[in-house]
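Q: Would you mind keeping the following structure in view while I ask a few things?
Here, each number is a calculation from the coordinates, and none is a lab measurement. In this text, all values refer to a predicted model and were calculated from it rather than measured experimentally. Cβ coordinates were reconstructed from backbone atoms using ideal geometry, including for glycine residues, and neighbour counts include every protein chain displayed.
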Amino acid sequence: MTKRVFLLIFILIIIASVLFPLYFLLVMSLGLNFRKKELIPSVISLEGYQYVFFEHPYFRVWLINSFFYTVCSTIGILLTGIIAGYIFSRYNFHGKTILFWIVLITMMIPSAVIYIPQYLVVSQLGLLDSVAGIILPLICNPYCIFLFKQACDSIPREYEEAAMIDGADAANRIFRIIVPILKPVILAVGAIQFVWNWNNFTWPLFVVSTSELFNLAYGVYNFSYSQSPRYPALGALALINMLFPLLVYIILLKYVLKGVLIMGAK
């Protein structure tokens, strides 16, 4: 009984530590007065949301940018991951083992370290402060290549051999046989990458200096460091930025769990 009580207390502490920052953002967006050191707003105000939706000069632009950058980079990651994973799984070619080990090694390198050479390449290509400079370096993910390679290994080759007899080429085999079978894995990886790409402000911080090209995550970061930040508006921006990936994750939660189970069973 005592163990259960301590376990329950521990779980409640973990839940509170996760939910309190969200609660703090919510009450801050509703007019929390920091000078009074209160945890509940004495007067609820929607001034922060009014400023964000009707007065902020870049909110709509940042929101549209976030959707565009996130969708394009996520689709690119899925395409490159599926095709590269299929090639590593089904084809034998010179240097295949070495190339796959390079993919595995790059998974161990922190992304912040890779940003520096990526920045130099983007700069040499003249893509700084551009949409292409934000999206293109993000469309290849070694972790996704590894996951899809492992997933393709689990699919019997007989399915493709039957399609090859009917004259199907590699593209048809990938998109008509492999992709439908890997739907749970694709949705799981897509949901995880959508959340990560939506919240990614570090790479735009490297390559973007024009406010019209900010995504919402970078916009929130930039707004928080402005000379006189409006805290209710900052809380509203942060909550709105959190809302969309949360909805995507909730909608696709069933597929995420199923995909994770499939990937974990390889």
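Q: Under the Karplus relation 6.51 cos²θ - 1.76 cosθ + 1.60, θ = phi - 60°, what is the ordered set of whole-Hz ³J(HN,Hα) values for the stretch 190-207, x standing for Gly and Pro?
A: Values, residue by residue: x, 5, 5, 5, 4, 4, 5, 5, 5, 8, 6, 10, 5, 5, x, 4, 6, 10 Hz.
Q: Also, I was wondering about something else. Could you list which residues have their amide H under 5 Å from that of residue 31, counting only those 5 or more apart in sequence or on another chain, with H placed in the peptide plane?
A: It is 45, by chain and number.
Q: Taking P(r) over Cα pairs in 10 Å bins from 0, in percent straight from the coordinates, which label in (1) 6, 26, 29, 18, 8, 4, 3, 2, 1, 0, 0; (2) 6, 28, 33, 21, 10, 1, 0; (3) 6, 22, 27, 23, 14, 6, 1, 0 is the correct one?
A: This structure yields the entry labelled (3).
Q: Can you list the HN-Hα couplings for the stretch 231-243, worked out from phi with the Karplus curve (6.51, -1.76, 1.60; θ = phi - 60°), rounded to whole Hz and with x for Gly and Pro?
A: So the J values, rounded to whole Hz, are 4, x, 5, 5, x, 5, 4, 5, 5, 5, 4, 7, 5.
Q: Less than 12 Å Cβ to Cβ from residue 233, Lys/Arg counted +1 and Asp/Glu -1: what total charge do the surrounding residues give?
A: -1
Q: I've got another one for you. What are the ³J(HN,Hα) values, in whole Hz, obtained from phi via the Karplus relation 6.51 cos²θ - 1.76 cosθ + 1.60 with θ = phi - 60°, for each residue of the stretch 144-155 in sequence order, with x given for Gly and Pro?
A: 5, 4, 4, 4, 6, 5, 5, 5, 5, 4, 7, 8
Q: Relative contact order for the stretch 1-131 using alpha-carbon pairs under 8 Å, separation at least 6, rounded to a whole percent?
A: Values: 37 pairs, mean separation 13.5, N = 131.
For the stretch 1-131, the relative contact order is 10 percent.
Q: Quick one: order 166, 153 by neighbouring beta-carbon count within 10 Å, fewest to most.
A: 166, 153
Q: Dipole size in debye (nearest 20) for the chain around its Cα centre, Lys and Arg Cβ +1, Asp and Glu Cβ -1?
A: Values: 17 positive and 11 negative charges, 166 e Å.
Charge dipole, the chain, about its Cα centre: 800 debye, nearest 20.
Q: Place +1 on the Cβ of every Lys and Arg and -1 on the Cβ of every Asp and Glu in the chain, take the dipole about the Cα centre, and give the residue among 110, 24, 177 whose Cα lies farthest towards its positive end.
A: Checked the options; the winner is 24.
Q: Please state the relative contact order of the chain as a whole percent: Cα pairs under 8 Å, 6+ residues apart?
A: Relative contact order of the chain: 31 percent.
Q: Shifting gears a bit: Spin-label point model (7 Å from Cα, Cβ direction): what's the residue 154 to residue 106 distance in nm?
A: My value for the distance between the label points is 2.4 nm.
Q: Follow-up. How big is the dipole moment of the stretch 1-100 about its Cα centre under a simple scheme where the beta carbon of each Lys and Arg is +1, that of each Asp and Glu is -1, and everything else is neutral? Debye, nearest 20, please.
A: Roughly 440 debye for the stretch 1-100.
Q: Let me ask you something else. Per DSSP H run of n ≥ 4, the term is -39500 (n - 2.57); total these for the chain, divide by its residue number, and report the mean residue ellipticity at 222 nm rounded to 500 deg cm²/dmol.
A: So the calculated ellipticity at 222 nm is -22000 deg cm²/dmol.
Q: Let me ask something additional. Over the stretch 69-162, calculate the relative contact order: mean separation of alpha carbon pairs under 8 Å at least 6 apart, over the residue count, as a percent.
A: 58
Q: I want to verify a result. In a Gaussian network model of the chain, Cα cutoff 10 Å, which of these has the top mean-square fluctuation: 69, 225, 49?
A: 225
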